[in-house]
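Let me begin by presenting the structure, written as structure tokens, before commenting on it.
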Amino acid sequence: ILLKKGGQVVYAGPACHATTYFEGLGFSMPNTENPADWLIDVICGDLSGKGLPTPDEQVTLWAKNGAKFLEEHPGKDLVAACQISKEEKEELLSIFRNHDKDGNGRLDGAELSSLICTVLDAKNIEHFFEGVFSRFDDGD
């Protein structure tokens, strides 16, 4: 998951496809560039140019086109990637769905905090995440 300042999602997919996604938006990663550094530059708006989407536009583009991109560029199956049983996969998906309150297939900050608290069974972690996410709040 890649978030712009303010905690808004600009990409939420397999790491192996992140550069492909942003290159599809018109960004070009030099061969000598570290992909992680380049992605940070992209989502911070440090790579500006004619026709390249700003970080705010990247949020809109992901919300509009992210699901289609993920269908066209699937990651590894969760069972194969994590070596978990089918029952464990169903349990994880059930937990995720229970915390995805708006049913959009993504977790916002509050939903993610709730999920982590459930998984860790530690309610006091909510305070921690409130502090973490408040640092990213830019008033949007």
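Looking only at helices (runs of 4 or more DSSP H) that fall completely inside the range 1-76, which ones have 1 or more residues that are closer than 19 Å to ARG106 by Cβ, open to solvent by 30 Å² or more (accessible area, probe 1.4 Å) and touching a residue at least 40 places away in the same chain (Cβ under 8 Å)? Give the steps one after another, and end with the answer.
On the way: elements: 18-24, 35-44, 55-72.
The helices (runs of 4 or more DSSP H) meeting that bar are 55-72.
Name every residue in the range 77-96 that is part of a helix (DSSP H, G or I) and at pLDDT below 55, in order of residue number.
The answer is LEU78, VAL79, ALA80, ALA81, CYS82.
Could you please let me know if LEU112 is within 19 Å of the chain's Cα centre (by Cα), among the aliphatic types (A, V, I, L, M), at pLDDT 85 or above and within 24 Å of PRO14 (Cβ to Cβ)?
no
Suppose we filter the range 30-62 for residues that are over 21 Å from PRO14 (Cβ atoms) and acidic (Asp, Glu); how many remain?
3
So if I check each of GLY26, GLY105, GLY51, which one is at positive phi and either in contact with a Cys (Cβ under 7 Å, 6 or more places away or on another chain) or at pLDDT 90 or above (or both)?
Exactly one of GLY26, GLY105, GLY51 is at positive phi and either in contact with a Cys (Cβ under 7 Å, 6 or more places away or on another chain) or at pLDDT 90 or above (or both), namely GLY26.
The values are calculated or read from the model by the stated rules, or taken from the named source; none is laboratory data. Predicted model, so just to flag it, every value in this text is computed and none were measured. In this analysis, Cβ positions are derived from the backbone assuming ideal geometry, glycine residues included, and neighbour counts consider all displayed protein chains. Protein only, heavy atoms only, side chains kept; ligands, DNA and RNA dropped before computing areas. Shrake-Rupley method; radii C 1.70, N 1.55, O 1.52, S 1.80 Å.
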